[in-house]
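Have a look at the structure below, then the notes.
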Ligand code: SF4
Ligand code: SF4
Ligand code: FES
Ligand code: FES
């Protein structure tokens, strides 16, 4: 599946935005994941073509960071933080509760394809609201069983985030390159329902 | 991605108001802010790793010297500031440096935001004057230890810092004082542990975090955190061997100060400090072949 | 009085040493004979200090410092063998071995493995790691040449840095992070680099190994011969390693002026083509059938037929023959048979274009000192001498502008007038074009303009220097109007006998269909060659000779460097080519009495004074001709 025209335009724009096309790798990976939900080897190769960089470099970078998914998963991504501060406030039990409720183990996806459940030793940055989980990159804090149930219920019916809002086309850059490289077309912050 | 959205919105507003962009408020001065989103790598908190990441590579730290101020992003002199510094700036600009310096202690001026987590009644972020006693943070602002329990230990500076004990409660929240007590103020994250806490398990989680976040560049950090994580797993789950605490200490010796960057070094500090203060709990795990605290875990509320 | 100097003095393990500013602790220690163990450090790559094997104590620095990445400072006090250092060395080896498979007995690197060696010298006795080891893929085919064992990899980054800094192909990369880090190609696609063999040499463990060499031998069982790669006119220096008289591999034998320590895969993996399968005897065609005879009979038969043709004989020589052989062969043709029809090489007309010594030739290493290099012909030139690419890439990293151009007009445009030192690199076949380009450039730019021409074959340059062509005699001596004809014109010139002398399967005589028909009609075809050839069918006399790797002598590389080759395998009863040539000449009545190739070289020097026995290994200096 090759990338949509808009995504490609965005990647090309990123390449112009930085003094080195390489700096556009991570933004490009985000753009791809945003469009398709994950980043395949095929997409890596496509990014390499658009940025005129060796594909090994794109894979090297993308595989380093923990947020790029490499295969299709459930429509929603639920990550339970099990680092120490969350652990102190029952993260293991939250995870166990989620596993029970969803009928899957961490790392698996529910039968209806709605939810992929994972846990991470990486602090997700909401220790003050522990225990917490990250749902499609949004925080749900101070979890209780009721809260978890409510979140899951919502996710069962909601479409995947990347299917909600299509990436917008970027306006072509006009005139000379902005000195800071920042102006001109920039991808819009994506606004989703809440 | 609410944080990035918020920031993007703020930047758009600032641009619309003419605070950033070309010719800021008619001053003839151009400055712009570009939001570059990372993708999940704690190591990018190390300044050179951050620059490497901005350049599109794997976020691996670089050799220093050259320091970023000499040769940083794209080989150009670069200033790297963290959010904490930037967040303080507007207030200093608005109220003046004297106002800021009047707060705190001679060795730690101004205020700092403490992110308090763990077993307190009111976890969260608190901005306090430097030098405020830790007791005040935990017992007044945090509302004390939850469930009427007592304090076992706390970690004052984030994932890497050494553990401190109730006897250190009157230490002030400032860099020097905390260092004197045997830990570091680090990132300003205060993790509080009550009497039911299994300190071995806390160390285990922290070590697993470092194992997960090690970039893999250097041998001691890549192999050492993996090995330590294995050791902690087996101690916590009742398979520890009598020599394990000493093996952990020795491993700490071979990682700390030997790693390429502070991430590796720092992965050993908390574990070593808890072996120092709580060696008996390690031994209890090993002798009893189980975690003595397991029964007391919190259930989902 | 302060003296400003570029030297700094430091102490390593109590001994004082003075070195240039910008020297690494590692190299300063080496100067004192103090060996600091390393894995990731490589003299041709930027320091990365990732393995942490080389940490040493430096006074006034709280932490141990990587000797491979810290530069010396005046007054520095370094200690490499303190208890702290040794305890840590133990530790880091324990880390590296924790998840290492320890399959040394079946590892191709066994016996020449830095990890193995350093474990003996600096390592712990036993490992305290008692968990199941991490498992990664073993024996992953990275390409048809290389296998990768990810469990053995110690992540020293040498191969990935080679790919980025030495060949510039960026094919190998680090993938994943932390404990899961591995090296590999994009999406595990087969590696396409022409320089993969180098990965196996720089890998400090048995993670990257050659598929060809796999399990052939243990290093200590190998007979090692210092010789030259038969691949091309680059003349890369190699060790030819053999066992039981079979070639096992070629390895780089660093010559900074030539190969810079690298080989290309074409050259490195060419060795199987040289493997002799059984011993052949000379044959003579009688009543249409080839019959085995003695060398004496065969040489006599050859002489008899050649005598009949005399000046209507043409001689074709391999550009892989040695200088000594070529010198004798041209004497046989010119002096004994009185024929002017000499040619060599697979290409057409190469010999005919080289009519004067390449006095202004640009030494290979000087490419790095140009400010502009024109690669006229682009990739085709690289394909003819692949290691040249590594030198050019190195030059580019140093700031040299390398222009890949197809024609002289583009070349002329590419170089600005302020250029200080311009190098033109092209194939010898394009010499006339290069000559004129060089002239035009010399008028256009301020600085010097020099050229490096790439001939075909490992001794194409020697062949032209020694006059193995129709137009010039040895040392480009004029033939006083007695010039012969080049290979394409032999038929027209009325040639009746052909003496073909092959020396390497990589640079055989390549006859077109038309040419084969012509050869078929000839009254005499003498074929001296190292192994069965498609021309055997057409030959009247077959004289088995030796291949490049089986003989002694000298060859001259593209920049005019005369280098020694030595027999890496023993061809036993197969006669040396120079002896065969002498035998044929003697059968034709010549009074030749060379006892070894050195005597031939002495004679050759008299005819070509630029070739001097005391300067073997260096470039022939033509301008010093008396
Ligand atoms: S394969 Fe060899 S050269 Fe490459 S990183 Fe691993 S150990 Fe180093
Ligand atoms: S460049 Fe030529 S001489 Fe060098 S290794 Fe390759 S084939 Fe051999
Ligand atoms: S530990 Fe879970 S968010 Fe920080
Ligand atoms: S050799 Fe110095 S760190 Fe690897």
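No value in this document is a laboratory result; all are computed from the given coordinates. None of the values given here were measured: they were computed from a predicted structure. No Cβ is skipped: glycine too gets one built from the backbone with ideal geometry, and neighbour counts run over all protein chains shown.
Note on residue B:35 and residue B:249: the model spin-label points, each 7 Å out from Cα along the C-beta direction, lie 4.9 nm apart. In segment A:58-101, the convex hull through the Cα atoms has an average projected area of 4.3 nm², a quarter of its surface area. A convex hull fitted around the alpha carbon atoms of segment C:73-168 yields 154 Å³ per residue. The three principal axes of the Cα atoms in segment B:215-301 give end-to-end lengths of 40, 34, 21 Å, sorted in falling order. Placing one equal scatterer on every Cα of segment C:7-81 and applying the Debye formula, the log10 ratio I(q)/I(0) at q = 0.12, 0.15 Å⁻¹ is -0.26, -0.42. Applying 1/(1 + (r/R0)^6) with r as the Cβ-Cβ distance of residue A:99 and residue A:2 and R0 = 30 angstrom yields a FRET efficiency of 0.20. Can you tell me how segment C:357-454 classifies by the Cα gyration tensor, rounded, prolate or oblate, using a/c under 1.5 as the rounded cut? Here segment C:357-454 falls in the rounded category. By the compact-protein rule of thumb, 2.2 N^0.38 Å, the alpha-carbon radius of gyration of chain C corresponds to a ratio of 1.09.
For segment C:132-274, the pair-distance distribution built from all alpha carbon pairs, in bins 5 Å wide starting at 0, is 2, 10, 19, 23, 19, 14, 9, 4, 1, 0, 0 percent.
What percentage of all Cα-Cα pairs in segment C:416-493 are separated by more than 19 Å? Let's see the in-between values first.
Details: 1589 of 3003 pairs.
Summing the P(r) tail past 19 Å for segment C:416-493 gives 53 percent.
Axis angle, to the nearest 10 degrees, between helix C:387-397 and the longest C-alpha principal axis of chain C: 50 degrees. First measure r as the distance between the Cβ atoms of residue C:492 and residue C:291, then evaluate 1/(1 + (r/R0)^6) with R0 = 22 Å and state the FRET efficiency to the nearest 0.05. For R0 = 22 Å, the calculated efficiency reads 0.05. With Kirkwood's inverse mean 1/r over C-alpha pairs for Rh, give me the Rg to Rh ratio of segment C:486-625, two decimals please. For segment C:486-625, the value is 1.00. Relative to the longest principal axis of the Cα atoms of chain B, helix B:2-16 runs at roughly 20 degrees.
How big is the antiparallel share of DSSP beta bridges in the protein assembly as shown, given as a percent to the nearest 5? Each step should come with its number before you reach the end.
Details: 66 of 113 bridges.
So the antiparallel bridges in the protein assembly as shown amount to around 60 percent.
At 4 °C and a viscosity of 1.567 mPa s, what translational diffusion coefficient does Stokes-Einstein give for segment A:76-159, taking Rh as the Kirkwood radius over Cα pairs? Give it in µm²/s as a whole number. Let's see the in-between values first.
On the way: Rh = 12.4 Å.
Translational D for this selection: 105 µm²/s.
For segment A:1-90, the mean projected area of the C-alpha convex hull, equal to one quarter of the hull surface, is 7.2 nm².
Per the helix-only calculation at 222 nm, which mean residue ellipticity applies to chain B, given -39500 (n - 2.57) for every DSSP H run of n ≥ 4 and division by its residues, nearest 500 deg cm²/dmol?
Details: 10 runs with 117 residues, N = 301.
Computed ellipticity for chain B at 222 nm equals -12000 deg cm²/dmol.
In this simple spin-label model, placing a label point 7 Å from the Cα along the Cα-to-Cβ direction at both residue C:15 and residue A:71 gives a separation of 5.7 nm.
For the residues of B:112-118, the average number of beta carbons from a partner chain within 10 Å of their own beta carbon is 4.
With neighbours defined as other Cβ atoms within 10 Å of a residue's Cβ, the residues C:440, C:431 order from fewest to most as C:440, C:431.
Volume of the convex hull of segment C:280-419 (Cα atoms only), normalised per residue: 180 Å³.
Beta bridges per DSSP, both residues in chain C: antiparallel share near 55 percent.
Output needed for the protein assembly as shown: three equivalent-ellipsoid semi-axes, defined as square roots of 5 times the C-alpha gyration tensor eigenvalues, in descending order, whole Å.
Details: eigenvalues 960, 208, 164 Å².
Output for the protein assembly as shown: semi-axes of 69, 32, 29 Å.
Helix B:219-236 and the longest principal axis of the Cα set of chain B meet at an angle near 40°. Could you list the residues of segment C:31-73 with an amide nitrogen less than 16 Å from a label point located 7 Å from the Cα of residue C:224 in the Cα-to-C-beta direction? Answer for segment C:31-73: none. Exposure proxy ranking for C:536, A:112, based on other Cβ atoms within 10 angstrom of each Cβ and starting from the fewest, stands as A:112, C:536. Between residue C:307 and residue C:121, residue separation times 0.36 nm minus the direct Cα-Cα distance comes to 60.2 nm. A Förster radius of 56 Å, combined with the Cβ-Cβ distance separating residue A:41 from residue C:7, puts the computed FRET efficiency at roughly 0.60.
Taking a spot 7 Å from the Cα of residue C:595 along the direction of its beta carbon, which residues of segment C:535-557 have an amide N less than 11 Å from it? It comes to no residues whatsoever.
With no solvent and one point per C-alpha, what does the Debye sum give as log10 I(q)/I(0) for chain B at q = 0.10, 0.12, 0.16 Å⁻¹? Debye curve over Cα of chain B, log10 I(q)/I(0) at q = 0.10, 0.12, 0.16 Å⁻¹: -0.68, -0.95, -1.42.
If you wrap a convex hull around the alpha carbons of segment B:58-198, what volume per residue comes out, as a whole number of Å³? If you can, show how the numbers build up before the last one.
Working: hull volume 21.8 nm³, N = 141.
For segment B:58-198, the hull spanned by Cα atoms encloses 154 Å³ per residue.
At a 10 Å Cβ-Cβ cut-off, how would you order B:222, B:204, C:346, C:595, fewest neighbours first? Let's see the in-between values first.
Numbers: B:222 28, B:204 25, C:346 16, C:595 9.
By the 10 Å Cβ count, ascending: C:595, C:346, B:204, B:222.
222 nm [θ] for chain C, helices only, -39500 (n - 2.57) per DSSP H run of 4+, per residue, to 500? Display every interim value, and only then the final one.
Values: 17 runs with 150 residues, N = 626.
Rounded to the nearest 500, the figure is -6500 deg cm²/dmol.
In this simple spin-label model, placing a label point 7 Å from the Cα along the Cα-to-Cβ direction at both residue B:147 and residue C:335 gives a separation of 10.5 nm. Averaged over the residues of A:138-149, the number of partner chain Cβ atoms lying within 10 Å of the residue Cβ comes to 2.
At full extension, residue C:573 and residue C:61 could sit 177.7 nm farther apart than now, given 0.36 nm per residue minus the alpha carbon distance.
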